[in-house]
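FYI, it's all coordinate maths here, none of it is from the lab. Because the structure is a prediction, the values reported are computed rather than measured. Using ideal geometry, Cβ is built from the backbone for each residue, glycine included, and neighbour counts are taken over all protein chains shown.
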Amino acid sequence: MSQIQNALLIGMLLSFTLLEYAMRRAQKFQATAADNTLDLLGFALLAAFSQPLILWVSSQIGLAVAPHMQNALADLPWYAMVGLLLIFDDMLQYWWHRASHSPLLWPLHRAHHSATYMSARMIYRNNFFYYLGMPAIWMSGVLVYLGLGEVYLVYILIKLSVITGAHSAVRWDEPLLKIKALAPLMWVVQRTISTPTTHYAHHAITDQDGIGHYKGNFGNLLFFWDVLFGTAYITPYYPAKVGLRDDELFGAEKWWVQLFYPIFRSRRVHSALVPGGKPYEEPLGSGLDMTDLTPENRHVKT
C-alpha cells in the first residue's frame, strides 16, 4: 500500500515540479541550501519512514486487538468509503492543521511556513514529529485495515493533486479567475477545494494587506471545512510575499532545528523553537514595508 502511494506521490511531485520549470516559475524561488534540505528531507522522512510506519503499526494493532474487523467495511459502497475518508482523514487533518497554528503545536508546523516561495516541492516540509502525531494518518491506517484500501488509493491521488496544485508555483486558478463567464463556477470551486489563491493567502507573510490570512484557510483537499467552521477568507488576489516575518527580522532558523525540534533547539533572539517560545506576532502598524503589498503590485487582480 505505502509503496503504491509513494509512487503516486513522487509522480505527482515530479509532474508539477517539471511544469514549474517549464513555465519558468521555479527560477524565481531563490531557495537556499537549507530550503533544499528541508524540502527534500521533509518529503523523504514522510514517504520512507513516517507514513509506512503508521500504516504498519495501525494494521498490527488491528490484528492484535480486533482481528475479526480486518476488511470488515470492504463491502461498503464506494461513496460511503469516500465519506468516511473525507471525515476521518481530510476533516481531521483540517483540525490538526488548525491546532498546529497554536503556540503548543506551531513548532511542529513552522518549517512549512518558513519557505519564502510556493512550490510543489515544499508541501511536505514539516517537522519530523508533525506527521508522526497527525491523527488523520493514523485514522487512514485504521480505515485501510477495515477494508478501504483500494478506494483510499484513488482518494489519496485526488487529494494529493489538489494539495500539490494549491501549493504549486503553477497557479492554475489565475487564468480562470480572469474569465468573467467562469465567475459562478470559480465561486463554487474556491469554496469547495483548496486553490492557489486561498492557500497562498494562508502562507502570506502578513494579513495587513487585506489578502493574507495565515490564521485561517486550513483546508487540504476540501476548503469547505474552512467555510463550514468559519476560518475561510477568499479574495481573487495572491499575496505579494509568503514566508515568516520573524525570519526577516531575526534570521532564518537552522534547518535541523526546524526539522527535529525539540531534539534540537534554537539559539535565535526571538524563536518559537525553544521551550515556552511563541509564534511571532507582527504589531499593527509596525515597520513592515507595505510598498510591494499594495493592490497595484499584487500578483493577480480580477
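Does anyone have the angle between helix 33-45 and the longest principal axis of the chain? Alpha-carbon axes, 0 to 90°, nearest 10? That works out to roughly 20 degrees.
Based on every Cα atom in segment 25-91, Rg and the maximum pairwise Cα distance Dmax equal 18.6, 54 Å.
Counting pairs of alpha carbon atoms under 8 Å apart in space and at least six apart in sequence, what relative contact order in percent does segment 2-172 give? Working shown, then result.
Numbers: 183 pairs, mean separation 69.0, N = 171.
So the answer I get is 40 percent.
Taking R0 as 30 Å, what FRET efficiency do you get between residue 158 and residue 23 from their Cβ-Cβ distance, rounded to the nearest 0.05? That gives a FRET efficiency of 0.85. Relative to the longest principal axis of the Cα atoms of the chain, the long axis of helix 149-167 lies at roughly 0 degrees.
Compared with the dominant principal axis of the Cα atoms in the chain, helix 2-22 is inclined by about 20°. Please give the net charge around residue 191, taking every other residue with its beta carbon less than 13 angstrom from that of residue 191, where Lys and Arg add +1 and Asp and Glu add -1. Net charge in that neighbourhood comes out at -2. With contacts taken as Cα pairs under 8 Å and at least 6 residues apart, the chain reaches a relative contact order of 21 percent. Using a Gaussian network model of the chain in which every pair of alpha carbons under 10 angstrom is joined by a spring, one finds that among 137, 61, 163 the greatest mean-square fluctuation is at 61.
Sort segment 1-56 into rounded, prolate or oblate with this rule: let a ≥ b ≥ c be the square roots of the eigenvalues of the Cα gyration tensor; rounded if a/c is under 1.5, and if a/c is not under 1.5, prolate when a/b is larger than b/c, oblate otherwise. Judged from the Cα gyration tensor, segment 1-56 comes out oblate (a/c at least 1.5, b/c at or above a/b). The packing ranking of peptides 265-276, 190-201, highest mean first, is 190-201, 265-276, where packing means the average number of other beta carbon atoms within 10 angstrom of each residue.
Sum -39500 (n - 2.57) across every DSSP H segment of at least 4 residues in the chain, then divide by the residue count to get the 222 nm mean residue ellipticity, nearest 500.
Working: 15 runs with 144 residues, N = 302.
It lands at -14000 deg cm²/dmol.
Report the Stokes-Einstein translational diffusion coefficient (µm² s⁻¹, integer) for the chain, Rh taken as the Kirkwood radius over Cα pairs, at 4 °C with viscosity 1.567 mPa s.
On the way: Rh = 20.1 Å.
The calculation lands on 64 µm²/s.
Modelled spin labels at residue 75 and residue 63, positioned 7 Å past Cα toward Cβ, are 2.5 nm from each other.
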